[in-house]
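As structure tokens, the structure follows; a few thoughts come after it.
Readers should treat all values here as calculations from the given coordinates under stated rules, not as data from a laboratory. Just so you know, these numbers come straight off a predicted model, no measurement behind them. Cβ atoms come from the backbone with ideal geometry, glycine included; neighbour counts cover every protein chain shown.
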Amino acid sequence: MKKYRKMLVAMAAFVATTVGAVASPVYYTIFHALEEDTMEVFTYGGQGMLKLSTDGGDSYRQISSFRFDRHGRAVAKVYALNHAPKDAMVKLVASFNRGENGQPVDTLVETTAGEFLDSLMPYKRWSWLTYAPVYVSYETLPSIVDIAVNDGRFTNLVAAVVQEGLADTLANDGPFTVFAPTDDAFEALGLTGSDLLAVESLKEVLLYHVLPAALDGDAVAAETHLETLLGKDVEVTLDGSRLFINSSEVILANIKASNGIIHVIDAVLLQPTLPSIVDIAVADGRFTNLVAAVVQEGLADTLAHSGPFTVFAPTDDAFDALGATGDDLLAIPDLANILLYHVVDGRLKAEDVVLMERITTKIGKDLKVNVTAEGVFINDSKVIIQNIKAENGIIHVIDMVLIPEAMPNVFEIADGAGAFKTLVAALEATGLDDVLKGDGPYTVFAPSDEAFEKLPSWLLNFLVKNPEYLQQVLLYHVVPGDLDASEVLEQGFLRTAQGRSVKATLKKDEVFINRSKVIEANIEASNGTIHVIDSVLIPWFSH
């Protein structure tokens, strides 16, 4: 059965039991989106409550509870309302079961006790009411576009959406969150009618008002930045109870539609015209060494046009303290990785950073965050200026260059792991340890100690006594190049440093090299990658 998003229409038709009198029906409406089959909204019944407040709605106490049947009908006891002050607040709430999961509670009626009773008994106010039947039905919510068209406050927005070919998307796709500027908002910008429709980047302006998910006001307020359909972020701020998107205030929140939510704003959202991270660094004057290094390593275009990024930017004084400036700096091996160790994906304000213990950088290595009475430290470097905003991110200035710990090479990883003692001894005995300490890169299929224990004793003794054959076996485990498990499988046959090839296959989601199973893959080293295997590869008994 086709699914719809529904709007509950609480036709709370109260026909009160009185002393010789029958109340006139009265109807109340509640808007609430449901994604259920239309014929099954009330299949499992539900619960309702009648609540009363004598303090202006600050707090409510329950005075009656009741159950809905599978047709959306119930009978509520309303006797207590006869004793309530006329200005007391009345709230009728209901929730409908959905199998194991109930729907949230929805306010169906919220009014004063006097108005509530008068609506039930307009001609018999003096009669005492005992019970009131409650009837609930449903109908379909309008789409985002339908709401905007019918509202009357969004004629400029609707005209722009139609011209730019977005009407069908915003009517039928989703869910979306739309920050909808009123006609007054467009008029304040001097853009209405034909002037608005002539804007070259109008589609981009519209997409900057749409989020690719349905977020109510609370969900929006919980964020600091939200990515729009344009791919650019809007900034979210709270000033007391006032919610701002960039500098536009949300003046009406949570208009629910069949395919999302509308929040009305008082000004058109315009993309900020901040400079890029690179432009800020170039113009500042304190980052000449950083800028020179970024340009040499080919990172300037990325840090100027991609993102958003968070950059921990060392000053020239920081590079001076390291003894690395000018040509000395540009000659540092692996300079690109050092620079990317200062870059983090996403836009992290200082208030976000202090809540984190570790931050993963662009090279996959973590930075440690330490907050003390003296300030915020990234590793051992102090943040001396926070939250310099850029168009594509944010900059925090630091007083020391961040140096990533050197990654061990293939041999150092094997030697330090403790699970490759036999392999390490064999490499040292044949002089291949120096090879695996070199530049590489190498892909090494590393047999564990348990793998060597599986070898027949006669073969193991033969290899120990004949180092030239042992070297051939070891070289059969080494492939030139740096290949992860997926690349190994993609190649299928891989020529080893010994000269013969090994065959890589996938069986039941497990990778095999010849008949040896890969039990741990993708151990990264400075000069290659290690894949641990459960048996020794012998070139003379291959495949």
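If R0 is 22 Å, the Cβ-Cβ spacing of Asp482 and Val295 corresponds to a FRET efficiency of close to 0.20. Fully extending the segment from Glu510 to Asp266, taken as 0.36 nm per residue of separation minus the present Cα-Cα distance, adds 82.1 nm. Each Cα pair under 8 Å and six or more residues apart adds its sequence gap; the mean of these over the residue count of region 390-543 is a relative contact order of 27 percent.
The mean sequence separation of alpha-carbon pairs under 8 Å and at least six residues apart, normalised by the residue count of region 144-265, gives a relative contact order of 29 percent. Using 0.36 nm per residue and subtracting the Cα-Cα separation, the extra length available between Ser59 and Ser201 on full extension is 46.2 nm. Highest mean packing first, where packing is the average number of other Cβ atoms within 10 Å per residue, the peptides 58-65, 511-518 line up as 511-518, 58-65. Averaged over residues, the count of other Cβ atoms within 10 Å places the peptides 272-282, 176-186 in the sequence 176-186, 272-282, highest first. Pairwise Cα distances in the chain exceed 32 Å in 67 percent of cases. Computed from the C-beta positions of Ala253 and Leu460 and an R0 of 60 Å, the FRET efficiency is 0.20 to the nearest 0.05. In the frame of its principal axes, region 277-398 has Cα extents of 37, 30, 27 Å, reported largest first.
Apply 1/(1 + (r/R0)^6) to the Cβ-Cβ distance of Glu453 and Lys503, taking R0 = 25 Å, and write down the FRET efficiency to the nearest 0.05. So the FRET efficiency works out to roughly 0.55. In the chain, helices alone account for a calculated mean residue ellipticity at 222 nm of -7000 deg cm²/dmol, with every DSSP H run of four or more residues adding -39,500 (n - 2.57). Using the alpha carbons alone, the radius of gyration of region 144-265 stands to its Kirkwood radius in an Rg to Rh ratio of 0.93. Relative to its Kirkwood radius, the Cα radius of gyration of region 412-458 gives an Rg/Rh of 0.98.
Here, P(r) means the percent of Cα pairs in each 10 Å bin from 0 to the largest distance; for region 342-397 it is 23, 61, 15, 0.
Just want to confirm a number: the relative contact order over the chain, from Cα pairs under 8 angstrom separated by 6+ residues, in percent. In percent, rounded to a whole number, it is 8. Legend: distances between Cα atoms for Lys368/Lys454; Lys365/Lys517; Lys91/Lys232; Lys437/Lys503; Lys256/Lys368; Lys232/Lys256; pairs beyond 31 Å are Lys368/Lys454; Lys91/Lys232; Lys256/Lys368. Solvent-free Debye calculation, one equal scatterer per alpha-carbon of region 410-541: log10 I(q)/I(0) at 0.19 Å⁻¹ equals -1.07.
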